[in-house]
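Okay, structure first, notes after.
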Amino acid sequence: MPLSLIHHRSWRILLLAGVAALSLSACASNRGQLGNTDYSALPAEQRHQTLADLTARYKSNPRDRGVVVHYAAALRAAGQPQQASAALENAMTAFPGDLEITVAYAKALTGQGQFDQAIAVLDTVIRPDAPDWNALLVRGAALDQTGRHSEARAHYKQAAVMAPAEASIETNLGLSFAMTNDLPQAEQHLRRALQMRGAGSQTRQNLALVVGLQGRFDEARALYAAQLPPDQVEANMAYVRALLTQQNRWDMIPNG
């Protein structure tokens with residue numbers, strides 16, 4: 001399976017790898033008081049070392065708020081959302097109503113596919129008069145995963161007002177349109193995201209997929225090649241073609 005996307009039900013559901021909430025990854029690094037907690041883009045060896053370090057710190061002091069959030073993020077990046085959820089559930093008891101812990105917990109829940117529960121958890125901390133943009137981003141991602149795309153996009157647009165030029169917001173908008181097969185709109189938002197702060201490899205790979213699904217294979221291959229070794233590039237291109245075959249979309253591609 002490609003690094004950038006997970007295919008489910010004819011690719012309607014798209015998730016950034018390692019962040020199940022467009023989280024999700026996708027989507028959504030935490031730039032609050034605790035700093036950037038998105039470890040998904042780190043090289044594998046560095047992710048493993050980071051998780052080992054944070055595991056030791058968490059075991060020595062499981063009630064350290066900052067350590068818990070970073071530990072959970074490292075677990076999610078390592079594909080262990082259930083363990084992340086358990087750690088954050090304990091922290092929710094120790095720090096009731098804490099915004100960043102609640103958002104982190106919602107990300108972990110989305111990583112397990114518990115989208116409705118994630119939405120309910122976020123509803124306890126999103127203030128209508130002053131909502132947090134990162135909370136809106138994660139809630140929007142969960143809404144997208146339940147098929148409530150219009151509501152999700154409204155959340156992203158509201159988040160963008162509070163945090164303009166955030167790549168994670170624009171990326172989630174792009175993936176939302178990809179879920180409804182509006183590929184030109186998806187491409188527009190993903191290209192815009194690449195020009196913003198925080199844009200990373202996963203955003204470019206999602207753009208490559210969207211471009212490839214429109215039949216522009218050379219362009220898609222070049223986008224993948226800017227981030228991945230040749231064997232992974234070819235694996236992703238094979239995935240693009242498999243999706244096109246699965247969706248019977250070849251006849252929609254000029255000169256296909």
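Quick notes
- In plain terms, the residue of 58, 156 with the fewest other Cβ atoms within 10 Å comes first and the most crowded comes last, giving 58, 156.
- Two-site FRET efficiency, residue 49 against residue 196, from Cβ-Cβ distance with R₀ of 25 Å, rounded to 0.05: 0.30
- Rounded to the nearest whole angstrom, the semi-axes of the ellipsoid equivalent to the range 166-248, taken from the Cα gyration tensor as √(5λ), stand at 20, 16, 9, largest first.
- Here the gap between residue 60 and residue 226, fully extended at 0.36 nm per residue and compared with their Cα-Cα distance, gives a gain of 55.7 nm.
- Phi-based couplings in Hz for the range 140-151 (Karplus 6.51, -1.76, 1.60; Gly and Pro marked x): x, 4, 5, 4, 4, 5, 9, x, 8, 5, 5, 5
- Rounded to the nearest 20 debye, the dipole magnitude of the range 166-248 is 80 debye, with +1 charges on Lys and Arg beta carbons, -1 on Asp and Glu beta carbons, and the Cα centre as origin.
Read the figures in this text as sums done on the coordinates, not as results from a lab. Not measured: the values here are computed from a predicted model. Here Cβ is always computed from backbone atoms with ideal geometry, including for glycine, and neighbour counts include all displayed protein chains.
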